[in-house]
Structures are given as C-alpha cells and as structure tokens.
Amino acid sequence: MLLITGANGQLGSCLKDILGEKGAIYTDAAELDITNENDVRAFGAAHELTGIINCAAYTNVDKAEDEPEPARRINALGPENLAKLAAEKDIPLVHISTDYVFNGTANQPIAETAAPAPIGVYGKTKREGEENVLKHAKTAVILRTAWLYSPYGKNFLKTMLALGAQKDEIRVVADQFGTPTYAPHLAEAIVRILPQIKRDTNEIYHFTDEGSATWYDFAHYILKTAGSACRVRPIATKDYPTKAVRPAFSVLDKSKIKRDFNLEISHWTKGVEECLTKLS
C-alpha cells in the first residue's frame, strides 16, 4: 500500500481525489509524526508499504523565520526518517520540495543542475530535506514545485477571491516572477511518475505548470476570470515588506521531467480556470 504523508494539505487532498479513500494510507501529523524516527519505523513495520509520497511540510514562510526548529524538524528531519524507511523497505520515495531552494537572482528558467542558495529559513530547511533524501534513500524522486493552489485549504487564489469580494481595489506585488501551479496537476504528475521510477534512481526534478507570471499577473487573471469588478494594482516588493525575503525570480525549467517521464504540462491559466470551475 502507498503511504501519503501530509494528507490533509492541498496536495494530499488532491492525491486522495485521484487515488480514492482506499488507494493509499493517508496520514497527517495526528496519525504519523514523521519527525520521530521510532514512530516512522514502527509505522513501517506495521504496514506493507509499496511506496511513499511525502507531502508533509512546514510551509509558513514568514513564521519559519521565528520558528526555525519546528520548520527544520518537519522539512529536514521528517524527510530523512522517511528516506531511511524507504531504503529499509526497498520502496520508492517521492518527496516534494520547493523553488525557495534558489535565491531568485536567475534571469531564465532554472534547471535542476543550478546550485541551490536558499535565502530564508523555509528554503534552507527544505534544501536540507533534499540533501537528507539524496543521502539516505535508495530510490527517490524529489519534485520541486512552486506557487501551489487548489480548491483546498488556504492559498493565494482563494485569498484573492475573498479580497475581491470585499474590496474595490487590491495591491499585489508585480516584481516577483514564478509559475502558479494547480495542485491537481502536480498530483496527476506524481501518480503518473511513481510506477515509472527505476530502482536505485536518486534524482531531482522540477514540476510546475507552464508559463511564468508575477503575483500581480496571477491575481489579475484570477479576478478577471472570476468576473470580479475589483481592480488589481501592481506594486513593488519594497512596498509590501514581509519577514522572509522571497526569491525575485524562481521560474523552473521542466525539460528534464517532460523528457524522462513523457509528461505534457498545462499552462498556469488553465489551472486557474479549472480551480474556479471547481469552486463555483
């Protein structure tokens, strides 16, 4: 049976939509504390596992600056424990990582071979998690993704819809570039990739939807497509200070994953349209 951690989050919920209630063992922190190696080993001993998809993460980028240890436990120690379990049981691990492992100084889509240089606690702990997976897993695929949203949980798209319903005008950062990624598209890619992972593979791949956008572009398209009368005004990062520094450019190159797994990837605007349809 497949183990999915972080199953109550956006990506875990989307995987459950695809695989069904009985298609995997779905756990969140209440069912399995991935930061506790003994708990992970005991869970592995109690279940016949065929693979692991680790969706668990500490994702509050600003709060992580004040809580580096909780972030490190979930983002770095948890993946290490799961990688050890996967190696012990000789099963594949799919681990979800982030564009925040880069510093944002690139000016063209970033390949997997680019040197990581995280600039905040969140990115640093996620990079440590990558290193732990590469060190301890026998068969693993690390998927870096970005700007995830879905019909589930809290995310940028749902926040923009709520603000658009309350306000006549909102201001959104227009000098940070990335790619909005619809979580069901990532979930579909994972399900397609998993059976293709060759034994003793230990690779990093990039997966986002196609295209690039700023947060302003993203917000504008959400509200326009939703038929909102709320105006979106572009602002600079300096006019919207946050505790954690965000990468200014984190568009990821997806050539490798498309080639190795024969994936076709949708444009980010299609994801917005699909999400709005699902929410309507």
Taking N as the number of residues in region 38-179, what is its Cα Rg relative to 2.2 N^0.38 Å?
-> 1.20
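Taking loop as defined by DSSP and a crowding limit of 14 other beta carbons within 10 Å, which GluC sites (Glu not before Pro) in region 1-90 fit?
On the way: sites: Glu21, Glu31, Glu37, Glu48, Glu65, Glu80, Glu88; in loops: Glu21, Glu31, Glu48.
Those that pass, being in a loop and sparsely packed, are Glu21, Glu31, Glu48.
For the chain, what is the calculated [θ] at 222 nm in deg cm²/dmol (nearest 500), taking -39500 (n - 2.57) for each run of four or more DSSP H residues and dividing by its residue count? Kindly include the intermediate steps, with their values, before the conclusion.
Details: 11 runs with 112 residues, N = 280.
Calculated from helices alone, the mean residue ellipticity at 222 nm is -12000 deg cm²/dmol.
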The chain - share of DSSP beta bridges that are antiparallel (%, nearest 5) = 5 percent
In Å², what does the accessible area per residue of the chain work out to with a 1.4 Å probe?
-> 45 Å²
Nearest 20 debye, what's the magnitude of the dipole of region 1-103 about its Cα centre given +1 on Lys and Arg Cβ and -1 on Asp and Glu Cβ?
-> 280 debye
Heavy atoms of Ser13 accessible to a 1.4 Å probe, total area in Å² rounded to 10 | 20 Å²
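Quick check: with the 1.4 Å probe, what order do Ile91, Ile74 take by accessible area, largest first? Before the final figure, lay out each step's value.
Numbers: Ile91 15, Ile74 50 Å².
Sorted descending by solvent-accessible area, the residues read Ile74, Ile91.
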List, in the order given, every pair from Lys135/Lys258; Lys63/Lys124; Lys135/Lys254; Lys63/Lys254; Lys84/Lys138 whose Cα-Cα distance in the structure shown is over 20 Å.
-> Lys135/Lys258; Lys135/Lys254; Lys63/Lys254
Student exercise, region 122-280 dipole from Lys, Arg, Asp, Glu Cβ charges, in Debye to nearest 20 | 340 debye
Per DSSP loop assignment and a cutoff of at most 15 other beta carbons within 10 Å, the chain keeps its longest run without exposed trypsin sites (Lys or Arg not before Pro) at 23-153
Could you order Asp200, Asp253 so the one with the most accessible surface comes first? Probe is 1.4 Å.
-> Asp200, Asp253
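Filter the GluC sites (Glu not before Pro) in region 217-280 to those in DSSP coil with at most 13 other Cβ atoms within 10 Å of their Cβ, and list the result. Present the calculation step by step, with values, prior to reporting the outcome.
Details: sites: Glu264, Glu273, Glu274; in loops: Glu264.
When the GluC sites (Glu not before Pro) of region 217-280 are filtered for loop state and at most 13 Cβ neighbours within 10 Å, Glu264 remain.
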If you take the charge dipole of the chain about its Cα centre, with +1 on Lys and Arg Cβ and -1 on Asp and Glu Cβ, which of Met1, Ala86, Leu276 is farthest toward its positive end?
-> Leu276
Only bridges with both residues in region 103-214 count here: give the DSSP antiparallel percent, nearest 5.
-> 20 percent
So the carbon and sulfur contribution to the accessible area of the chain, 1.4 Å probe, in percent, is 48 percent
So how far, in whole Å, is the C-alpha centre of region 166-232 from the one of region 1-80?
-> 22 Å
Under a 1.4 Å probe, counting only protein heavy atoms, His185 has an accessible area in Å², nearest 10, of 20 Å²
With +1 on each Lys and Arg Cβ and -1 on each Asp and Glu Cβ, and nothing else charged, work out how big the dipole of the chain is about its Cα centre, in Debye to the nearest 20.
-> 420 debye
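The values are calculated or read from the model by the stated rules, or taken from the named source; none is laboratory data. Predicted, not measured: the structure shown is a model, and the values here were computed from it. Note that each Cβ is placed from the backbone with ideal geometry, even for glycine, and that neighbours are counted across all protein chains shown. Surface areas here come from the heavy atoms of the whole protein model, side chains and all, with no ligands, DNA or RNA. Shrake-Rupley method; radii C 1.70, N 1.55, O 1.52, S 1.80 Å.
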